[in-house]
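For reference, the structure discussed in these notes is given below.
The values are calculated or read from the model by the stated rules, or taken from the named source; none is laboratory data. These numbers come from a predicted model, not from an experiment. Reconstructed Cβ throughout: ideal geometry from the backbone, glycine too, with neighbour counts over all protein chains shown.
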Amino acid sequence: MTDSDVLSRLPERLKNARRTQGLSLEAVEKLSGVSRSMVSQIERGESNPTVATLLNLTRALNVDFAGLLGEEAAEDRVEILHEHQTPALDRAGDGCKIRILSPPQDTGRFEVYELIFAECGKLESKPHERGTREQLIAEDGKLEVTSGVAKGVINKGDTARYAADVPHCIEALDGAARAILMVVKF
């Protein structure tokens, strides 16, 4: 599929996504921060939006970015993201590598990460938005979780649930460790 194929499908798909949810142009403007005139121009095929504009619109319309631009229906396919394609942040100074497992459109609501800790590695976090909670599942090793003044230790197979709207920290104890972290905003 060429870029022109993608762009030729975008106006109709965007309009269908908006209408399916029963949203007016004004409602989309309020939800996305994209002006209603710009949304209208995109739907008429008179404007080529930036990636940032498309991301704002897909979040506001709660539609899959790739599905909007490419395949017909996200539920009719299995999306495979190979290990080398998974976005990662290597915080080597802290001894923690973070692999981002959740899709970009879920950012801020429900996020999933794989955390890979070197010996004595740690991940310190400032408070997230009010009401945010985290669940940490130890896959390998031993981890200490601090949430505010509370502390707990988990081993392989254990889960820690804690407030993330306070300063919090995850630290590997007794060697390297690996865990899955889920961040949920309520």
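What the table shows:
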read-out	value
Every residue from the range 122-138 that is exposed (fewer than 14 other Cβ atoms within 10 Å of the Cβ) and within 17 Å of residue 180 (Cα to Cα)	124
Unique residue being closer than 19 Å to residue 93 by Cα and in a strand (DSSP E or B) when the list is 174, 140	174
Test: residue 144 is over 17 Å from the mean Cα position of the chain (by Cα), modelled with pLDDT of 95 or more, within 28 Å of residue 85 (Cα to Cα) and among the charged types (D, E, K, R)	no
Residues located in the range 143-171, provided they are of a type outside the set (A, V, I, L, M, F, W, C) and assigned to a strand (DSSP E or B)	144, 146, 147, 151, 152, 155, 159, 161, 162, 168, 171
Of all residues making up the range 42-55, the number that are outside any loop (DSSP other than H, G, I, E, B) and touching a Pro at 6+ places or on another chain (Cβ under 9 Å)	3
Lone unmet requirement of (1) touching a strand residue (DSSP E or B) at 6+ places or on another chain (Cβ under 6 Å); (2) of a type outside the set (Asp, Glu); (3) more than 28 Å from residue 32 (Cβ to Cβ); (4) without any contact (Cβ under 8 Å) to a residue 60 or more places away in the chain for residue 93	(1)
Residue 116 buried (at least 17 other Cβ atoms within 10 Å of the Cβ), more than 21 Å from the chain's Cα centre (by Cα) and of a type in the set (Val, Ile, Thr)	no
In the range 147-186, the residues that are surrounded by 16 or more Cβ atoms within 10 Å (Cβ to Cβ), of a type in the set (Phe, Trp, Tyr) and in contact with a Gly (Cβ under 7 Å, 6 or more places away or on another chain)	none
Qualifying residue in the range 81-88 (condition: surrounded by 15 or more Cβ atoms within 10 Å (Cβ to Cβ) and either of a type outside the set (A, V, I, L, M) or at pLDDT below 80 (or both))	no
Pair list, Cβ < 7 Å and 6+ apart or interchain, from the range 118-142 residues that are under 15 Å from residue 154 (Cα atoms) to residues that are among the hydroxyl-bearing types (Ser, Thr, Tyr) and surrounded by fewer than 13 Cβ atoms within 10 Å (Cβ to Cβ)	135/159; 136/159; 137/159
